[in-house]
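Worksheet: the structure to be examined is printed underneath.
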Amino acid sequence: MNRKTRMFWMLNKVKIIIIGVIFLLVVFAIVGMSALESFYRRLTMAQMPVHLIMAGFSAVVFVSMYSLFLRGGMTKINRDKISSENVNVKWDDVIGIEEVKEEAKEVVELLKDRTKLTKIGGKILRGLLMVGPPGCGKTLLAKAIATEAGIPFISMAASEFNEIFVGVGSSKIRKLFKKARILAHGHGACIIFIDEIEAIGRQRTFSFGGGQETNNTLNQLLVEMDGLKDDKMSIVVMGATNASESVMDPALLRPGRFDRKIYIGKPGLEGREELFKYYLTKVNCDSEIDVSRLARKTVYKSPADIENIVKEAALIAAREDRELITHREISAAIERIDMGIKHKRKMTEQERRRVAYHESGHLMVLCFLHPTDDVFKASIISRKDSLGAVHHQPREELFTSDRNQLMANIQVALGGYAAEELVFGVTSNGVVGDFQKAMAEAHNMVWRFGMGGNGHIGDFTVIPPEQISEKTKEHLNNETMVIFSKCLKKVKKLLSDERALLDKFAAELLQKEELEYDEIEEIFKTHVPEDRRTAKKKYTAASEPSS
Ligand code: ZN
């Protein structure tokens with residue numbers, strides 16, 4: 001018997017046996033019937049349907065009883081499905097994560113050259129862990145590895161292993177590996193993909209009560225993975241997780257298990273451009289769309305977010321009976337996803353005016369004082385629980401912030417309050433969200449980042465509160481308030497110095513309800529001479545690497 005027929009036999013053993021038995025029974029029945037007299041033959045034929053119905057009925061009763069009493073409900077009967085799809089994902093389908101692709105290609109080489117590697121005595125790949133935020137294409141990458149290496153791929157989500165019934169989780173693991181072994185037998189290798197592996201791979205708890213079943217499942221996984229070492233067949237286990245490695249059980253990360261890791265991050269500017277190009281070719285879109293501008297507008301978005309944005313834009317276009325997707329639809333889609341659906345509330349003229357000035361306050365601070373962020377949109381249309389919003393983000397992704405940026409964040413948050421006070425003399429409770437943001441930022445600067453001014457440097461939150469002297473606490477909290485009031489003073493000065501522009505922005509918002517990036521830039525540039533638009537230029541000059 002060659003390998004393929006043997007694999008076919010192993011996969012379909014049960015089916016083949018059942019078909020054989022039925023065939024034999026039919027043959028016996030025909031032989032037996034032909035020996036009977038014609039009256040008895042007819043009698044038997046007539047009774048046959050009744051027998052069949054009765055048999056079917058008792059089978060249904062038995063199965064439902066079994067599942068009700070033993071497995072806790074009918075719905076669980078078909079839960080342990082292992083999907084082995086015919087995956088066909090090429091490298092070209094994996095976009096926006098170029099650096100990671102290189103690593104994945106290396107893995108494919110390792111998988112393809114296994115025989116060569118064994119001969120040389122190199123290390124063989126057993127487990128691969130993919131770590132990264134959701135929606136960044138971990139599953140897609142795993143499928144691409146399988147396709148490119150020409151290896152069968154079976155997958156299961158780890159949450160499916162978690163069962164209330166003791167032993168079910170580990171038996172599912174056993175089944176999964178058994179199937180993989182059969183497939184590997186036929187094709188030479190097999191990839192097992194376990195999604196959300198943190199659901200079973202968290203650090204084991206050694207307490208009584210809860211968590212015991214997860215421990216059993218994890219133990220079984222460890223046993224199976226260790227068993228792979230002695231197998232001649234190549235089975236590679238790939239796990240994907242959104243959680244950081246540190247929550248994983250150390251036993252899982254030991255050599256011979258998931259000892260190789262691929263980190264998948266959010267795509268950079270170029271990656272996002274690629275993604276937009278890719279998804280926009282799938283819909284009817286305006287050829288004028290500036291992909292690089294879209295990429296700049298979607299800092300920190302994942303591939304799944306971008307796919308979502310394009311789909312949402314297509315929906316918006318369809319709803320408004322437009323044939324082509326333009327910037328307008330995409331911009332609306334981004335907002336809808338980020339901020340929720342617009343909500344027409346009836347506001348009095350007085351309240352609308354206050355909201356317009358409040359948002360213009362934020363806007364002004366962003367335009368004049370923020371070193372890294374650009375405003376993409378300002379709006380006084382209410383959404384979810386906000387009455388207005390100023391949508392801003394850094395021009396490119398930043399992974400840390402320096403003191404100037406943090407101060408600017410606080411100033412932006414205080415812009416709304418300062419504008420209300422300056423224009424109306426009284427302020428509203430609409431500032432509460434802004435204050436929360438600003439206060440938390442100032443507190444962190446002093447307590448955690450060593451940015452206070454009175455020599456208390458360090459992260460004081462790691463010290464238990466009762467061990468910090470009252471005097472130190474007082475110093476730190478005073479410093480927080482110093483930062484807070486410095487920022488407020490600066491914002492107030494800016495707004496009263498540039499009162500004319502504040503009025504202009506508020507009037508425009510009241511009239512148009514929404515201002516786009518271009519409109520804001522236009523107003524800013526025509527009303528402010530170049531020598532006063534300094535914050536951003538200074539920052540870019542200062543942050544240029546000196547070498
Ligand atoms: Zn605000």
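Just so you know, all these numbers are worked out from the coordinates, no wet-lab data involved. These numbers were taken from a predicted model, which means no experiment stands behind them. Cβ atoms come from the backbone with ideal geometry, glycine included; neighbour counts cover every protein chain shown.
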Rounded to the nearest 500 deg cm²/dmol, what is the calculated helix-only ellipticity per residue at 222 nm for the chain, with -39500 (n - 2.57) per DSSP H run of length n ≥ 4? -19000 deg cm²/dmol
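Most exposed first by the Cβ proxy, i.e. fewest other Cβ within 10 Å, how do Ile463, Ile124, Ile381 rank? Working shown, then result.
On the way: Ile463 11, Ile124 15, Ile381 18.
Exposure proxy ranking, most exposed first: Ile463, Ile124, Ile381.
Need the full-extension length gain, Ile30 to Phe449, defined as separation in residues times 0.36 nm minus the C-alpha distance. One decimal, nm.
Numbers: separation 419, 0.36 × 419 = 150.84 nm, distance 8.80 nm.
Stretched out fully, the Ile30 to Phe449 stretch lengthens by 142.0 nm.
Can you give the local net charge around Leu294? Use residues other than it whose beta-carbon is closer than 9 angstrom to its beta-carbon, Lys and Arg +1, Asp and Glu -1.
In short, +2.
Could you please rank Trp9, Trp91, Trp447, placing first whichever residue has the fewest other Cβ atoms within 10 Å of its Cβ?
Ascending number of Cβ neighbours within 10 Å: Trp9, Trp91, Trp447.
Suppose the chain between Met439 and Thr526 were pulled fully straight at 0.36 nm per residue; how much longer would it get relative to their current alpha carbon spacing? Could the numbers behind the result be given before it?
Values: separation 87, 0.36 × 87 = 31.32 nm, distance 3.42 nm.
Working it through step by step, the gained length comes to 27.9 nm.
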Quick one: angle between helix 303-319 and the longest Cα principal axis of the chain, in degrees between 0 and 90, rounded to 10, please. 80 degrees
Degrees between helix 349-369 axis and first principal axis of the chain (Cα, 0 to 90, nearest 10): 90 degrees
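Return the FRET efficiency for the residue pair Asp385, Glu109: r is the Cβ-Cβ distance, R0 is 51 Å, and the value is rounded to the nearest 0.05. Write out the running numbers ahead of the final one.
On the way: r = 52 Å, r/R0 = 1.02.
Between Asp385 and Glu109 the formula returns 0.45.
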Please arrange Ile200, Ile53, Ile235 by counting, for each residue, the other beta carbons lying within 10 Å of its beta carbon, fewest first. Ile53, Ile235, Ile200
Burial-style ranking of 491-504, 283-296, average other-beta-carbon count within 10 Å with highest first, yields 491-504, 283-296
When you take every Cα atom in the stretch 22-70, what is the radius of gyration, and what is Dmax, the widest Cα pair distance, in Å? 15.5, 47
Given the alpha-carbon gyration tensor of the chain, what are the semi-axes of its equivalent ellipsoid in whole angstrom, ordered largest first, with each equal to the square root of 5 times an eigenvalue? 61, 30, 26
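What is the Cα convex hull volume of the stretch 344-541 when expressed per residue in Å³?
Spread over its residues, the Cα hull of the stretch 344-541 gives 145 Å³ apiece.
May I ask you to order 138-149, 360-371, 250-261, 425-436 by the average number of other C-beta atoms within 10 Å around their residues, highest value first? Before the final figure, lay out the partial values.
On the way: 138-149: 22.4, 360-371: 25.1, 250-261: 16.2, 425-436: 12.9.
Most protected by this proxy first, the peptides run 360-371, 138-149, 250-261, 425-436.
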Nearest-0.05 FRET efficiency for Gln203 and Lys261, computed from C-beta distance (R0 22 Å): 0.80
C-alpha center-to-center spacing [the stretch 168-207, the stretch 340-369] in angstrom: 53 Å
Could you state the angle between the C-alpha long axis of helix 327-339 and the longest principal axis of the C-alpha atoms of the chain, as a value from 0 to 90 degrees rounded to the nearest 10? 80 degrees
Separation of the Phe8 and Arg254 label points, Cα + 7 Å toward Cβ, nm: 4.3 nm
